[in-house]
1. Can you list the residues, at least 5 places off or on another chain, whose amide H is less than 5 Å from the amide H of Cys353, using H built in the peptide plane?
2. Using the Karplus equation 6.51 cos²θ - 1.76 cosθ + 1.60 (θ = phi - 60°), what ³J(HN,Hα) coupling, rounded to whole Hz, does each residue of the stretch 620-628 give in order, writing x for Gly and Pro?
3. Taking 7 Å along the Cα-to-C-beta vector as the label spot, tell me the Leu372-Glu279 distance in nanometres, rounded to one decimal.
4. Hey, can you grab everything whose amide H is under 5 Å from the amide H of Glu183? Only 5+ residues off in sequence or another chain; H modelled, so Pro and N-termini drop out.
5. Just the Kirkwood number for the stretch 243-385, please: inverse of mean 1/r across all distinct Cα pairs, in Å, one decimal.
6. Please turn the phi angles of the stretch 82-93 into ³J(HN,Hα) values with the Karplus equation 6.51 cos²θ - 1.76 cosθ + 1.60 (θ = phi - 60°), one per residue in order, whole Hz, x for glycine and proline.
7. Could you work out the helix-only [θ] at 222 nm for the chain, with each DSSP H run of four or more residues adding -39,500 (n - 2.57) and the total divided by the number of residues, to the nearest 500 deg cm²/dmol?
8. For the stretch 499-627, what relative contact order do you get, as a whole percent, if you take Cα pairs closer than 8 Å and at least 6 residues apart?
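What follows is calculated from the coordinates using simple rules that are stated; it is not laboratory data. Being a predicted model, the structure only gives us computed values, none of them experimental. Quick reminder, even Gly has a Cβ in these numbers, built from the backbone with ideal geometry, and neighbours come from all protein chains shown.
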Amino acid sequence: MYNPRFEKEAFKKEVTNNVKTLFRRTVDEATPQQLFQAVSYAVKEVIIDDWLATQKKYDEDDPKMVYYMSMEFLMGRALGNNLINMTAYTEVKEALDEMGIDLNAIEDEEPDPALGNGGLGRLAACFLDSLATLGYAAYGCGIRYHYGMFKQKIEDGYQVEKPDNWLKDGNPFELRRPEYAKEVRFGGNIRVEYDEEGRTHFVQENYESVLAIPYDYPIVGYNNHVVNTLRIWDAEPIVDFQLDSFDRGDYHKAVEQQNLAKNIVEVLYPNDNHYAGKELRLKQQYFFISASIQAAIVKYKKKHDDITKLCEKVTFQMNDTHPTVAVAELMRILLDEEGLGWNEAWNITTKTCAYTNHTIMAEALEKWPIDLFSRLLPRIYQIIQEIDRRFVEQIRKTYPGDEGKVKRMAILMDGQVKMAHLAIVAGYSVNGVARLHTEILKNQELKDFYQMMPEKFNNKTNGITQRRFLMHGNSLLADWVTDKLGTKDWITDLSLMSGLKRWADDEEALKEFMSIKYKNKERLAEYILEHNGIEVDPRSIFDVQVKRLHEYKRQLLNILHVMYLYNQVKEHPEKSFYPRTFIFGAKASAGYIRAKQIIKLINSVADVVNNDRSINGKLKMVFIEDYRVSNAEWIFAAADVSEQISTASKEASGTGNMKFMLNGAPTIGTMDGANVEIVEEVGIDNAFIFGLSSDEVIHFELNGGYNPMDIYNNDPDIRRVVDQLVDGTYAHGNTELYRDLYNSLLNTKSSSRADMYFILKDFRAYAQAQQEVEEAYRDKDRWAKMALLNTACCGKFSSDRTIQEYVEDIWHLDKITVEV
Ligand code: 26W
């Protein structure tokens with residue numbers, strides 16, 4: 001497709017000129033990093049035209065907008081994605097080729113922006129892509145962390161965290177907007193004043209403050225000229241450090257404000273699903289929320305003078321409880337700055353805020369100690385007290401005499417502020433992220449709330465963007481899909497993928513499909529050789545588990561099964577065994593000791609297995625260092641088998657599962673999260689499902705767990721692998737290295753319940769399912785068909801579908817079109 005805005009000669013000239021003005025160099029002299037910058041600025045130039053046009057259109061049409069409030073946006077690299085969405089990838093690649101520049105190499109120079117941990121952050125990024133592509137007005141609101149998710153190095157098998165200095169060379173796509181700076185206040189005390197009319201005013205005194213400076217990133221929609229904005233806030237001291245404050249004896253205060261500004265945005269908390277109660281984290285939350293809400297109100301008031309109609313133009317979507325102070329900050333502005341009464345303010349707030357829950361893991365729930373919270377955010381705390389007082393009154397009215405309800409549902413209880421309760425009480429919508437997850441919320445975790453306000457609860461099954469995870473990550477398959485469907489429309493309507501079903505029995509098509517998979521496996525094999533020094537055979541089954549490391553995700557089940565297979569292969573060399581490569585990728589939260597032991601164990605087993613010549617390379621294991629968005633794209637493209645083996649009920653949705661499916665990898669997994677819906681779409685015969693159901697898990701949990709010793713005592717194969725954790729097999733004779741993992745399974749010493757995540761309970765069923773994977777893979781035609789059907793049936797899992805549902809059921813946004 002000819003794209004006049006990326007006319008080759010003009011683009012080449014632009015790049016050459018950028019190299020000259022930015023770096024005083026010629027193209028030949030420029031470093032790859034400099035070329036990346038020069039190319040990015042040339043692309044940005046075109047994006048800005050659309051950005052301006054989009055903002056102008058918003059000004060004219062005044063559509064309702066969603067502010068997607070999130071502590072995390074795991075964007076991944078922008079250059080390639082922007083080129084794809086501007087439909088200019090091929091042209092630019094050719095233009096650069098003619099200049100002797102390799103676009104792929106240039107793309108590799110871009111730091112992978114990792115302002116997020118895992119699923120929740122990447123979901124936010126996919127949502128922004130879909131919002132722009134569907135033509136909805138949206139802002140992403142977040143934090144410009146100076147250091148994103150740490151870089152992971154593996155040293156001697158252990159995870160070592162290195163800082164991710166992603167801004168060190170500057171970021172070509174960002175735009176600093178000091179003219180929209182906002183002040184954010186912390187601490188101090190609240191003084192009550194009365195005016196002539198007897199109205200109360202709350203004045204915050206002796207506070208510390210920082211200046212929030214927005215940086216805007218363009219979010220390019222696919223082929224529609226829509227460019228939305230991700231606005232992330234940086235912090236600066238409110239007044240420059242001045243000597244005269246020293247004279248005034250305020251030296252200390254000046255230094256403190258300086259430090260506050262520096263610390264607040266310094267680093268992303270690398271915790272996934274674990275609440276640690278750190279004061280700095282609460283500061284981060286209030287910092288970006290206060291700035292974002294203030295900015296949203298200013299923007300609204302520019303066009304509208306009736307603040308009570310805010311909900312007609314604005315929705316604040318809270319990505320988990322992390323942004324939930326938004327509720328109280330909005331109340332504060334309405335009460336203290338707009339001068340509304342409580343009922344009026346509450347009425348607006350409860351029509352404007354909505355909440356998404358992403359986890360039922362108890363340890364993830366944010367419950368701030370009241371003393372910390374009230375000290376840091378005194379006015380916000382007052383407001384929450386009043387919200388709580390009124391809510392408790394309402395509980396007592398609805399359930400007279402039932403103080404159990406009050407205890408379970410109050411926002412303030414046992415010295416804590418329960419953020420989820422605040423979000424539910426103030427939100428007009430509460431949604432889970434997959435059907436099963438939403439049912440568990442309604443029937444277990446949030447049962448009391450569901451009974452009292454059922455109308456708020458709804459499900460929005462997650463999705464992923466096919467632009468990044470097929471077009472960019474797997475261009476061979478993307479082109480094949482276009483060819484087979486005879487249209488490119490699947491790029492914005494993934495339901496069209498079902499048209500591929502008619503190729504499921506076509507021998508030629510199946511061959512093509514599998515040969516693309518093979519090429520992607522070769523590409524990954526090269527990456528592995530380069531990064532791990534391990535040779536893997538692309539003809540072996542690529543069995544992949546990539547995701548954050550967490551006990552509930554059960555990487556340990558996977559690894560114990562590899563240990564079991566290894567025992568089998570050694571013991572029965574005569575038995576046929578289809579060669580397999582087990583691929584892992586995972587970051588562990590820096591303070592999560594057991595997760596880090598599991599990484600060490602993966603690497604230890606890999607060492608033994610990969611170096612055992614007696615097994616003829618039948619088994620290989622690879623731990624891919626520094627799993628992140630950019631290498632994920634290649635990994636999904638190359639996977640044969642998708643490991644989704646969480647303890648049923650624990651994984652809210654999963655989104656990696658959808659990326660594998662899109663790329664033609666059948667799932668081996670439990671009936672958990674969105675796996676349930678994946679199986680529904682693709683058919684039970686095209687997946688490998690095993691293990692306890694979520695009802696069974698919940699039942700066991702309500703009855704104090706189960707006794708893994710029965711299994712250990714009666715299943716010699718299981719007993720053997722469990723014992724191998726402490727007999728030195730994988731630890732050069734050290735019997736203590738994995739003692740804690742051993743104990744966690746059998747509870748001989750550990751304090752928590754034995755085998756909390758039902759690893760031994762599900763082991764046999766898992767091994768059986770893996771056996772079925774092997775048999776299915778041996779039958780080439782059957783496997784190819786299964787793989788193709790996974791791609792063909794993935795239509796539901798586009799984030800375009802998810803966003804459309806949010807729009808229809810929760811946000812009620814107006815579609816806009818932009819012409820240039
Ligand atoms: C307070 C610490 C903390 C940090 C992050 C608590 C909880 C989180 C997130 C909710 C963890 C997360 O990323 N959850 C994942 O969200 C995805 C998107 O909805 C789901 O697909 C995953 O199942 C869920 O684990």
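1. Long-range HN contacts for Cys353: Phe316, Tyr428.
2. 9, 9, 9, 10, 7, 5, 6, 4, 7
3. Using points 7 Å along Cα→Cβ, the separation is 1.0 nm.
4. Those lying under 5 Å, H to H, from Glu183 are Ala212.
5. About 17.0 Å, per the Kirkwood formula over Cα pairs.
6. 5, 4, 4, 6, 8, 6, 10, 4, 5, 4, 5, 4
7. On the way: 31 runs with 373 residues, N = 820.
Here the helix-only value at 222 nm equals -14000 deg cm²/dmol.
8. Contact order relative to length: 27 percent.
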